[in-house]
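Accompanying notes for the structure given below.
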Amino acid sequence: MSPPRRLAVLCSHLRPDGAEPPAENERPAGQKTVISTSPCGDDGRGAAAGRVGDREAESCVFCRIIRDEAPAFKLYEDDVCVCILDSHPLALGHSLIIPKCHFSSMEVTPPHVIAAMCSKVPFLSNAIMKATDCDAFNLVVNNGEAAGQVIFHTHFHIIPRRSGDKLWPTESFRRSSIEPNETSSLISCIKKQLDSSED
């Protein structure tokens, strides 16, 4: 697929209403192109863009894979993300979708990057499930150390599943019902946070 066609396909995922991205001279001052090459790449613009420090990009294994400085089994690559096989898989076909730009966590990853990554999940997971003869998959994001994040570069896990594979011991746990009294204060607190983040 040609670069302009690939950009058009990606933009269609990011702008489902079909609106074309504004031309360079129509954008507000300082606004960059929505889709760009990786600041983790050879051009070294990452630190200047404020996304990642030189040392962090140099030591990040995913950035090194993106720059072709570290080995990986690449399944897919476009202008925004790359999909590789996990080097320590939980199941055959366990893969990672990684943005080419270095962002240490979901909360600092721009929505358009997350949208581009998410738009590839059906395409990639379908191919992975067919190749591994699985009928399901988990889409997992370990965001933060307490959640099990080991490499601090945003990424999604696609983990192929089979019925009865017992991959997660917690799947057999009985879950308790939600408590209405506790829930109302939690809902209020979350809504308050959402309202304050819109400002």
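The values are calculated or read from the model by the stated rules, or taken from the named source; none is laboratory data. Just so it is clear, the structure is predicted and the values come from calculations on it, not from any experiment. Ideal geometry is used to build each Cβ from the backbone, glycine not excepted, and the neighbour counts take in all protein chains shown.
Would you tally the residues in region 84-124 being part of a helix (DSSP H, G or I), touching a Cys at 6+ places or on another chain (Cβ under 8 Å) and either modelled with pLDDT under 95 or among the charged types (D, E, K, R) (or both)?
As a first pass, look at region 84-124 and keep what is part of a helix (DSSP H, G or I): 106-108, 111-124.
Subset that is touching a Cys at 6+ places or on another chain (Cβ under 8 Å): 113, 116-117, 120, 124.
If we keep only those that are either modelled with pLDDT under 95 or among the charged types (D, E, K, R) (or both) as well, we get 120.
Residues in region 84-124 being part of a helix (DSSP H, G or I), touching a Cys at 6+ places or on another chain (Cβ under 8 Å) and either modelled with pLDDT under 95 or among the charged types (D, E, K, R) (or both): 1 in total.
For region 139-184, which residues satisfy the criterion of being assigned to a loop (DSSP other than H, G, I, E, B), closer than 28 Å to V80 by Cβ and touching a strand residue (DSSP E or B) at 6+ places or on another chain (Cβ under 8 Å)?
V141, N142, H153, T154, H155
Here S197 fits the description: within 30 Å of L96 (Cα to Cα), polar (S, T, N, Q), outside any loop (DSSP other than H, G, I, E, B) and under 27 Å from the mean Cα position of the chain (by Cα). Restricting A136, A115 to residues that are of a type in the set (G, A, S) and touching a strand residue (DSSP E or B) at 6+ places or on another chain (Cβ under 9 Å) narrows the list to A136.
Determine whether I128 is under 16 Å from the mean Cα position of the chain (by Cα) and either closer than 15 Å to C118 by Cα or of a type outside the set (G, A, S) (or both). Answer is no for this residue. Within region 158-199, being among the β-branched types (V, I, T) and either surrounded by fewer than 10 Cβ atoms within 10 Å (Cβ to Cβ) or within 30 Å of C134 (Cα to Cα) (or both) holds for I158, I159, T170, I178. Only one of the numbered conditions (1) of a type outside the set (S, T, Y); (2) assigned to a loop (DSSP other than H, G, I, E, B); (3) more than 24 Å from R67 (Cα to Cα); (4) at pLDDT 95 or above is not met by A127, and that is (2). In this structure, does L186 turn out to be farther than 30 Å from C101 by Cα and more than 24 Å from the chain's Cα centre (by Cα)? For L186, the condition - farther than 30 Å from C101 by Cα and more than 24 Å from the chain's Cα centre (by Cα) - is met.
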